[in-house]
Amino acid sequence: MFRSRRTASDFRAEIEAHLHLEAERLQEQGLSEEDARASALRAFGNVTQAQERFYESGRWLWWDRLGQDLRFGMRMLARSPGFTAVAVATLALGIGANTAMFSYVNAWMIKPLPYPQADRLMVFESHDTKKGWTMEGLTSTASFLDFQKQNTSFEQTALWAGWSFNLTGDGAPALVEGGRVSWNYFDALGAKPMLGRTFTPDEDRPGAGHVAIVGEGLWQSRFAGERTIIGRHITIDGEPYTVVGVMPGTFQFPLMGLAHLWTPLALKEEERADRGRSSVTAFGRLRPDVTPERAGAESAAVFGRLERQFPRTNTNLTLLVSSMTDLIRRKEGAPEVMICLCIAGLILLIVCANVANLMLARATNRTKEFVVRGALGATRGRLARQLLTESMLLFFFGGVAGTLFGLWGMRWIASEIPAHIRGYLVNYGRVDLDATTLGFTLAVTLLCGLVFGLAPARENSRPDLNRTLKEASGKASDGQRSARLRRVFVAAEIALAVVVLISTTLLVKSFIISVRPSPGYDPASVMVAQLALPRTKYAQESRRRVFSEDVLARLHALPQVVSVGAASAVPFGGFGRSTNVEAAERPAPQPSDRLFAQLTAVSTDYLSAMRIGLVKGRAFTSEDAPGRSPSVIVNETLARDLWPNEDPTGHVLRFGDGLTACTIVGVVRDVKMDQLRPRPQRQMYVPLAQFPSATLGFVVRTAGDSATMAAAIRDTIWAVDREQPISSVEPLETLMAIVDSGNRVLTKLMVFFGVLAMFLGAIGIYGVMSSLVSQRTREIGIRTALGASPWQVMGMVFGQGLKLTSIGVAAGVLSALGATRSLAAILYQVTPNDPLTFTAVPIAFAVVAAAASYVPARRAMRVDPIVALRYE
Amino acid sequence: MSTQEARERLELLQGTLDLLILRTLIFGPEHGQGIARAIQQTSEEELLVEHGALYPALQRLEERGWIAARWGTSSNNRKARFYSLTTDGRKQLVRETARWRRLAAAIGRILGPEARRS
């Protein structure tokens, strides 16, 4: 397009050369110099016209006019700083919200996972064809190993299990998150170590390889980033391991969470042969020519054979081949992010309607200017272009400010996600303003600028010369069409705001419902210290028992301690485990019909320290000592599932691999163990004294402040065992907040969007009403002069505002009825058409809108007829 | 030459100027004045080309990529902008020539009998 850009002076030189050449030729034919020149000019025709035609045919004109428009537009924006500030600020809010939300959509739903050919990575999910459940991970290690041998679909399949390691030596004892992984785990993901190597097949055998790979972060913080780390011995769970490699900090496996240390999985022979159980998860890399469907069909065929071969363990069980990308996106909260982007999109529409309305109002006041320009020969297209340029300028500034606001929003969201959760997010939840996001912002800004700039440009570029010039003030009752357009805009704006408000209210309400009910215990002023005892040092049960009893006694003696307790797993602590349970008096169930329950071993005072309500029977006492017949306390759900309509106390329950028999001594209330929005879960408690645990959570109910208490708890534990790593000492409420952080961020965003929508809707109606009043000043003056009372005038204006509001609100409620259905998946105990929300929100909004139109109505009431009529 | 003479010459039909320019340039690069001169001379002074009309046409052809332009020196040592035919221009000339021949023949057939009578 710009290829043949030629300057006007170049063109002039060419014409000059032409005239010279022609004149010289004529002189050769005998004409005098003067005649030759005149003749050449005559033959050429109109020189000026030729130059003008050149100018108009060139791109110069276009650029020149654009420059003019831009300069003029800038002047107009600078002349009304209030309008410009409001428009740019609201646009920045709308565009920024979209930029921030889109950056997450981009990071979590558009960008591929950070592995080579990530679309070929598949995760194996166990599926029960009869009961319909699906879970990540394996239900039978042996069956998977059969599949691994027999399949032809996968280049590699790798196994992993998340693990916490006790790291001692080289500084304070530390609990390090990581994983036990099969030797090809890193290769299958396509990840390379930054130093050293990954594991070899030989090292992935029981007892063979005491080798480890450390993450860059741990390498830097604990081993000072020394390259001599390769080949060094470190102490993991009390045993020496040789470091063979260092993984770069960018390597991450969101399904595992934060990981800084890896050792070979080294499955034992009995684990490899186990068909009834598995504690590992598996993924694989498809061969390039195999589709996920074909791999799934092959897996179904293999598991069909296994089902016939091992009916006792494999009945109804199959292995689904699912895309790793999809699974990670689902876990990251892709639906929530999409809903946020949709709501941000609605906000932007409201903002745009608002800005278009402001532009229309302003243009109405500039009618005279357009009329004069039209009279001086500006074409309609030229005027429309001028107006469009002005609106594009506004949107451009809004876009720039919005990008900055969006960046800030992205940082804010990132800061709201706790580090622990970030481990499960691709790229640790970091999002940045990359080319895709910037492109999106630019496209959205330009599109909105064009669409919403066109309406005012179209409306105002055809002023009626005669009528406007005749009316001396130039602003009386003209712009009927433009006024109608603005009413349409403002009604649409109110409708959109109502949709946003209803949606956000539903989401906030479901969050409040999810946190309001008691978790079943009292988490306030409870400190939790978690640790895992090394298997070697605490191999004997008695040593574990002594450790926990010693720590409990010392904690109890601390000042400001109200009560203490210990459990193998505390709520939201991460040590929870499940076990199979059955009623002793009934025949053993089929493996696929087994019931599972969360199993917690607790000290005698744990239930009272946590304030978990006892419904029937008794709590544990010192009677439940080692050597005595074991007792168990169940929660209401487990009691109901095993002995419906019966008093469970006194019955015998069997659990675990060894089907240990215990007598039920009590029933307690259900508690929330790992989710704030759970379905009822079966739970059971056994005495810690009879079942000493290697994982321990000490709970300390305190009257003192948490920081001093945390330090005191650490010292107490180290007083018992100087080498014992403590994974965390935190208030229980913090642990709960971490789990719920995603919903917390979502809720804060929803509150922000809701308030913004309400605010924008209110300023929308305020703006329209006040400019209508100022346009009708003369009319109101005449009405008052003819005897209308101030109250009648106010009623007239207010009534108009009310009419607009009710149309908008009604349209909004109807749209919301349809729109909120898409929220169903992420709502908790709130129906998408929650009647309370659908009544309260429109009423509240109508009140706000009425208040917004009351102010201009008051002004109309005070119009002085003398002033209004003299105003001309 | 007087205005009288000029008026007796044939006005160019719409759209034919482009074709004539392309045709003229087939003999090699030429500047604007040369093109105007050549059209007049080859048509045995029958066609009237207002020299000023030539330049917008040249501009248009250049933008379409049918001709290319470069400043050079004329035979009498004056700086002038020389135009030459591009490959695309050559193809366009072939197309346009064929089209023009068909048009002229068709019009000729319609006007035929009258032409014989006169």
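Any read-out appearing in this document is the output of simple, stated calculations on the displayed coordinates, not a laboratory observation. Just so it is clear, the structure is predicted and the values come from calculations on it, not from any experiment. Note that we place each Cβ from the backbone using ideal geometry, even for glycine, and neighbour counts take in every protein chain shown.
Can you list the residues of the range A:670-707 with backbone N under 18 Å from a point 7 Å past the Cα of residue A:550, pointing along Cα to Cβ?
A:689, A:692-698
How many nm is it between the label spots at residue A:232 and residue A:197, if each spot is 7 Å from the Cα in line with the beta carbon?
Result for the modelled spin labels: 2.1 nm.
I need to check one value: relative contact order of the range B:49-96, counting alpha carbon pairs closer than 8 Å and at least 6 residues apart, in percent.
The value is 30 percent.
Considering only C-alpha atoms, what is the centroid distance from the range A:553-626 to the range A:389-429, in Å?
Cα centroid of the range A:553-626 versus Cα centroid of the range A:389-429: 45 Å apart.
Efficiency by 1/(1 + (r/R0)^6): what FRET value for residue A:331 and residue A:851, r their Cβ-Cβ distance, R0 = 45 Å, to the nearest 0.05?
0.55
Going by the alpha-carbon gyration tensor, a ≥ b ≥ c the square roots of its eigenvalues, is the range A:1-132 rounded (a/c under 1.5) or, if a/c is not under 1.5, prolate (a/b greater than b/c) versus oblate?
Oblate, because a/c is 1.5 or more while a/b does not exceed b/c.
Please give the net charge around residue A:318, taking every other residue with its beta carbon less than 10 angstrom from that of residue A:318, where Lys and Arg add +1 and Asp and Glu add -1.
-3
Take peptide A:16-27, look around each residue's Cβ out to 10 angstrom, count Cβ atoms belonging to other protein chains, and average those counts.
Whole-number average of other-chain Cβ neighbours for A:16-27 is 5.
Quick check: the angle from helix A:47-57's long axis to the longest principal axis of chain A, C-alpha only, nearest 10 degrees?
20 degrees
Evaluate E = 1/(1 + (r/R0)^6) for residue A:782 and residue A:438, where r is the Cβ-Cβ distance and R0 equals 45 Å; express this FRET efficiency to the nearest 0.05.
For R0 = 45 Å, the calculated efficiency reads 0.25.
If packing is taken as the average number of other Cβ atoms within 10 Å across a peptide's residues, how do A:658-668, A:497-507 rank, most packed first?
Sorting A:658-668, A:497-507 by mean packing, highest first, produces A:497-507, A:658-668.
Along the Cα-to-Cβ line of residue B:16, 7 Å from the Cα, sits a label point; which residues in the range B:83-107 have backbone N less than 19 Å from it?
Within reach of a label on residue B:16, which here means backbone N under 19 Å from a point 7 Å along Cα→Cβ, the range B:83-107 contributes B:93-107.
Using a ≥ b ≥ c from the Cα gyration tensor of the protein assembly as shown (square roots of the eigenvalues), is it rounded, prolate or oblate, where a/c under 1.5 gives rounded and otherwise the larger of a/b and b/c decides, a/b for prolate?
Prolate is the answer for the protein assembly as shown, as a/c is 1.5 or above and a/b outweighs b/c.
Taking each residue of B:44-56 in turn, how many C-beta atoms of other protein chains fall within 10 Å of its C-beta, and what is the average?
Per-residue shielding by partner chains comes out at 5.
May I ask you to compute the full-extension gain from residue A:629 to residue A:814, defined as 0.36 nm times their residue separation minus their alpha-carbon distance, rounded to one decimal in nm?
60.1 nm
Hey, what did the range A:534-723 get for relative contact order, percent, Cα under 8 Å, at least 6 apart?
34 percent
Got the relative contact order for chain A handy, in percent, Cα pairs under 8 Å and 6 or more residues apart?
Relative contact order comes out at 15 percent.
5 Å is the cut-off here: which amide hydrogens, built 1.01 Å from N in the peptide plane, fall below it relative to residue A:247, excluding neighbours closer than 5 in sequence?
Answer set, sorted by chain and number: A:194, A:214, A:215, A:216.
As a check on your grasp of the helix formula, calculate [θ] at 222 nm for chain A: sum -39500 (n - 2.57) over DSSP H runs of n ≥ 4, divide by the residue count, round to the nearest 500.
-17500 deg cm²/dmol
So how do A:347, A:843, A:726 line up by other beta-carbon neighbours within 10 Å, fewest first?
Lowest count first: A:843, A:726, A:347.
Of the cross-linked pairs A:368/A:803; A:131/A:268; A:509/A:803; A:509/A:672; A:111/A:672; A:111/A:149, which ones have a Cα-Cα span greater than 25 Å in the structure shown?
Flagged as over cut-off: A:368/A:803; A:131/A:268; A:509/A:803; A:111/A:672; A:111/A:149.
Between the range A:14-31 and the range A:161-190, how far is it from one alpha carbon centroid to the other, in angstrom?
For the range A:14-31 versus the range A:161-190, the Cα centre distance is 91 Å.
What ranking, highest mean first, results for peptides A:165-172, A:769-776 when packing means the other Cβ atoms within 10 Å averaged over each residue?
A:769-776, A:165-172
Rank A:86, A:736, A:799 by how far each Cα sits towards the positive end of the charge dipole of chain A (+1 on Lys, Arg Cβ; -1 on Asp, Glu Cβ) and give me just the farthest.
A:799
What average count of beta carbons from other chains do you get within 10 Å of the Cβ of residues in A:35-46?
Other-chain Cβ atoms within 10 Å of each residue's Cβ, averaged: 3.
With r as the distance between the Cβ atoms of residue A:748 and residue A:458 and R0 = 51 Å, compute the FRET efficiency 1/(1 + (r/R0)^6) and round to 0.05.
Taking R0 as 51 Å, the efficiency between residue A:458 and residue A:748 is 0.80.
Using label points projected 7 Å from each Cα along Cα→Cβ, tell me how many nm separate residue B:95 and residue B:78, to one decimal.
Each label point lies 7 Å from its Cα, and together they span 3.5 nm.
How far is helix A:541-556 tilted off the main Cα axis of chain A, in degrees rounded to 10, range 0 to 90?
60 degrees
Under the classification rounded if a/c is under 1.5, otherwise prolate if a/b is larger than b/c and oblate if not, where does the range B:3-117 fall, given a ≥ b ≥ c as square roots of the Cα gyration tensor eigenvalues?
oblate
Just order A:692-703, B:28-39, A:589-600 by mean Cβ neighbour count inside 10 Å, highest at the front, would you?
By packing density, highest mean first, the sequence is A:692-703, B:28-39, A:589-600.
Round to a whole angstrom and tell me the spacing of the C-alpha centers of the range A:285-330 and the range A:683-762.
Centre-to-centre (Cα) distance: 38 Å.
Could you tell me how many degrees, from 0 to 90 and to the nearest 10, lie between the Cα long axis of helix A:741-775 and the main elongation axis, the longest principal axis, of the Cα atoms of chain A?
Tilt of helix A:741-775: around 20 degrees.
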